[in-house]
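The values are calculated or read from the model by the stated rules, or taken from the named source; none is laboratory data. None of these values were measured; they are calculated from a predicted model. No Cβ is skipped: glycine too gets one built from the backbone with ideal geometry, and neighbour counts run over all protein chains shown. When the accessible area is computed, the model is the full protein with side chains, heavy atoms only, and any ligands, DNA or RNA have been set aside. Shrake-Rupley method; radii C 1.70, N 1.55, O 1.52, S 1.80 Å.
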Amino acid sequence: MDENKMVGGKVKKPGKRGRKPAKIDLKAKLERSRQSARECRARKKLRYQYLEELVSSKERAICALREELEMYKQWCIAMDQGKIPSEIKALLTGDDQKTPQSTSTKTPKNGKYNSTGISQSKSA
């Protein structure tokens, strides 16, 4: 065992076993590396475009929800003053009588209920 060496608790024999790695052309290897980098940059660019579009759509949705919230706040202020906004009057009077399917047991689209707590779209 004089020719064997102890490295990290393992016995190493002189000489290598298995296949020797083929000599790789350095120019070809460099070109593959460049191509891989180009593809990586293209994927990164697409990912950032997708994320920017996603952020933009979420920002638009936030703006729309803020406008809707502001409208509801105005309605509440008007009702606190004893006024019924025309939009709510339309919901309470005209719209539900036009469609006979609105007598189902579903919650109304806008989630509004009349003063008795019963949904306008439910039949009493």
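Mind ranking 45-58, 81-94 by how tightly packed they are, going by the mean number of other C-beta atoms within 10 angstrom, highest first?
The most tightly packed comes first, giving 81-94, 45-58.
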At 1.4 Å probe size, with no ligands or nucleic acids counted, give the accessible surface of R60 in Å², nearest ten. 150 Å²
